Amino acid sequence: MAKSGVGQTAVPNPVAYGGQALIEGVMMRGPGRVAMAIRRPDGQISVRVEEYRPVQNRWPWLRLFVVRGVVALVESLVLGINALMYSANQTLDEDEQLSGGQMTATVVIALAIALFVFAVFPTWVVGLLRPHFGSAVAANVVEGLIRTALLLGYLWGISRTPDVRRVLEYHGAEHKSIHTYEDGAALTVAEARQRSRRHPRCGTSFLLVVAIVGIIIFAFFGWPVLWERILLRLVLLPVVAGVAYEFIRLAGRSHSPLVRWASWPGLALQGLTTREPDDQELEVGLAALAALLEDKAALEWNGAEVI
């Protein structure tokens with residue numbers, strides 16, 4: 001485990017910590033624990049640490065290749081939604097706070113819209129233009145390109161809004177904090193400021209890899225009628241996500257030039273989904289990570305209060 005001493009070298013085989021930007025905060029996740037650091041309206045950083053039991057620990061078969069990616073995705077989604085609701089309520093007045101039902105309804109609606117936009121709409125459009133393509137493979141490639149274009153357009157659009165831009169700054173703070181730990185440096189703002197805001201294990205890279213893997217996998221099933229195509233895309237989504245997870249996992253620990261070259265598009269895309277954080281946002285990201293590491297000195301340096 002990394003300590004925050006001065007002059008450290010890179011951590012040998014560091015724990016693969018991950019995280020997520022929140023509303024005025026950052027969540028960090030480690031083996032069996034999550035930490036949420038939130039910048040409260042009064043300027044104080046509050047840190048909350050919670051234990052959880054990874055579902056993979058209950059049934060060993062859930063750790064199988066590809067299957068573990070699907071499990072990790074669902075688990076991350078559940079933890080992320082809970083963390084978002086916590087951060088939102090930390091920054092809202094008591095009479096404005098969200099209930100669990102409101103957050104669940106919002107997530108369900110958002111997932112339904114996402115499935116329509118990224119799974120149904122592209123294959124429907126290409127189906128209308130199918131006579132212009134010479135093969136089923138070509139149709140699948142065009143569908144994948146449309147899906148990727150929609151993803152890029154969506155990310156570009158939301159990145160232009162001021163409220164989302166602030167979340168993207170916390171996203172950058174999360175990445176810089178993790179890089180600081182993985183480099184074995186002290187968990188200070190001065191050290192984190194020098195690190196990249198892009199990280200190979202980022203969820204943004206995962207989304208792009210999903211789009212690319214989908215093109216390859218769907219091409220094996222030809223070009224059936226519309227309802228069969230939609231059903232195939234929904235049924236095979238866990239497989240696509242599982243394969244994408246394995247690549248992201250490899251990219252996060254491999255030094256192979258080939259893997260790094262293949263990871264470049266995802267890292268480039270993070271230019272849209274991260275922004276350069278200020279020092280106060282870096283303090284929040286470092287506080288969340290320090291809480292997982294039980295690094296009391298780093299928590300004090302970053303002005304955090306554990307609740």
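The values are calculated or read from the model by the stated rules, or taken from the named source; none is laboratory data. Every value quoted in this text rests on a predicted model; they were computed, and no experiment measured them. Cβ sites come from the backbone with ideal geometry, for glycine too, and all protein chains shown count toward neighbours.
Are there helices (runs of 4 or more DSSP H) fully within region 214-307 with at least 1 residues that are more than 17 Å from Ala37 (Cβ to Cβ) and either of a type in the set (A, V, I, L, M) or modelled with pLDDT under 85 (or both)? List them. Even if it seems obvious, please write down each step before you answer.
On the way: elements: 226-253, 257-273, 279-293, 296-301.
Hits in region 214-307: 226-253, 257-273.
Hydrophobic (A, V, I, L, M, F, W, C) and assigned to a helix (DSSP H, G or I) - does that describe any residue in region 195-206?
If we filter region 195-206 for residues that are hydrophobic (A, V, I, L, M, F, W, C), which is where we start, we get 202, 206.
The next check asks that each one be assigned to a helix (DSSP H, G or I); those that pass are 206.
The answer is yes; a qualifying residue exists.
Tally time: how many residues in region 218-255 are out of contact with any Leu (no Cβ under 6 Å at 6 or more places or on another chain), of a type in the set (A, V, I, L, M, F, W, C) and in contact (Cβ under 8 Å) with a residue 60 or more places away in the chain? Walk me through it before giving the result.
As a first pass, look at region 218-255 and keep what is out of contact with any Leu (no Cβ under 6 Å at 6 or more places or on another chain): 218-220, 222-240, 242-255.
Those still in the list that are of a type in the set (A, V, I, L, M, F, W, C) too: 218-220, 223, 225-227, 230-232, 234-237, 239-240, 243-244, 247-248, 250-251.
Then keep just the ones that are in contact (Cβ under 8 Å) with a residue 60 or more places away in the chain; that gives 218-219, 223, 226, 230, 234, 237, 239, 243-244.
Final tally of qualifying residues: 10.
Mind telling me which of the residues Trp124, Trp61 ends up being assigned to a helix (DSSP H, G or I), aromatic (Phe, Trp, Tyr) and either in contact with a Gly (Cβ under 8 Å, 6 or more places away or on another chain) or free of Cβ contacts under 8 Å to residues at least 40 places away in the same chain (or both)?
Trp61
Restricting attention to region 33-53, report how many residues are out of contact with any strand residue (DSSP E or B) (no Cβ under 7 Å at 6 or more places or on another chain) and either at pLDDT 85 or above or under 17 Å from Ser87 (Cβ atoms) (or both). If you could, list the steps in order and put the result at the bottom.
From region 33-53, those out of contact with any strand residue (DSSP E or B) (no Cβ under 7 Å at 6 or more places or on another chain) are 41-43, 53; that's our starting set.
Add one more test, that the residue is either at pLDDT 85 or above or under 17 Å from Ser87 (Cβ atoms) (or both), and what stays is 41-43.
Residues in region 33-53 being out of contact with any strand residue (DSSP E or B) (no Cβ under 7 Å at 6 or more places or on another chain) and either at pLDDT 85 or above or under 17 Å from Ser87 (Cβ atoms) (or both): 3 in total.
Looking only at region 165-189, count every residue that is under 15 Å from the mean Cα position of the chain (by Cα) and either under 20 Å from Val117 (Cα atoms) or β-branched (Val, Ile, Thr) (or both) and tell me the total.
Residues meeting the conditions: 2.
Which condition breaks for Gln56 when tested against (1) crowded, with 16+ Cβ neighbours inside 10 Å; (2) modelled with pLDDT of 85 or more?
(2)
For region 207-222, state whether one or more residues are crowded, with 20+ Cβ neighbours inside 10 Å, over 22 Å from the mean Cα position of the chain (by Cα) and within 20 Å of Gly18 (Cβ to Cβ).
no
Looking at Leu152, is it without any contact (Cβ under 8 Å) to a residue 12 or more places away in the chain, surrounded by fewer than 20 Cβ atoms within 10 Å (Cβ to Cβ) and of a type in the set (A, V, I, L, M, F, W, C)?
Values: without any contact (Cβ under 8 Å) to a residue 12 or more places away in the chain: no; surrounded by fewer than 20 Cβ atoms within 10 Å (Cβ to Cβ): yes; of a type in the set (A, V, I, L, M, F, W, C): yes.
Answer is no for this residue.
Considering only region 15-47, state which residues are under 15 Å from Asn89 (Cβ atoms), among the charged types (D, E, K, R) and in a strand (DSSP E or B).
The one that is under 15 Å from Asn89 (Cβ atoms), among the charged types (D, E, K, R) and in a strand (DSSP E or B): Arg39.
Would you be able to say whether some residue in region 171-183 is part of a helix (DSSP H, G or I), in contact with a Phe, Trp or Tyr (Cβ under 8 Å, 6 or more places away or on another chain) and more than 22 Å from Ala35 (Cα to Cα)?
As a first pass, look at region 171-183 and keep what is part of a helix (DSSP H, G or I): 171-182.
So of that shortlist, the ones also in contact with a Phe, Trp or Tyr (Cβ under 8 Å, 6 or more places away or on another chain) come out as 178, 181.
Next cut, more than 22 Å from Ala35 (Cα to Cα) only: none.
No: zero hits.
Could you say which residue among Glu228, Glu246 is under 16 Å from Arg68 (Cβ atoms) and surrounded by fewer than 17 Cβ atoms within 10 Å (Cβ to Cβ)? Can you show your working first?
Working: Glu228 fails: under 16 Å from Arg68 (Cβ atoms).
Result of the check over Glu228, Glu246: Glu246.
Of a type in the set (Phe, Trp, Tyr), farther than 18 Å from Gly69 by Cβ, in contact with a strand residue (DSSP E or B) (Cβ under 9 Å, 6 or more places away or on another chain) and buried (at least 18 other Cβ atoms within 10 Å of the Cβ): does that describe Tyr181? Outline the logic, then answer.
Details: of a type in the set (Phe, Trp, Tyr): yes; farther than 18 Å from Gly69 by Cβ: yes; in contact with a strand residue (DSSP E or B) (Cβ under 9 Å, 6 or more places away or on another chain): no; buried (at least 18 other Cβ atoms within 10 Å of the Cβ): yes.
So Tyr181 does not fit the description; no.
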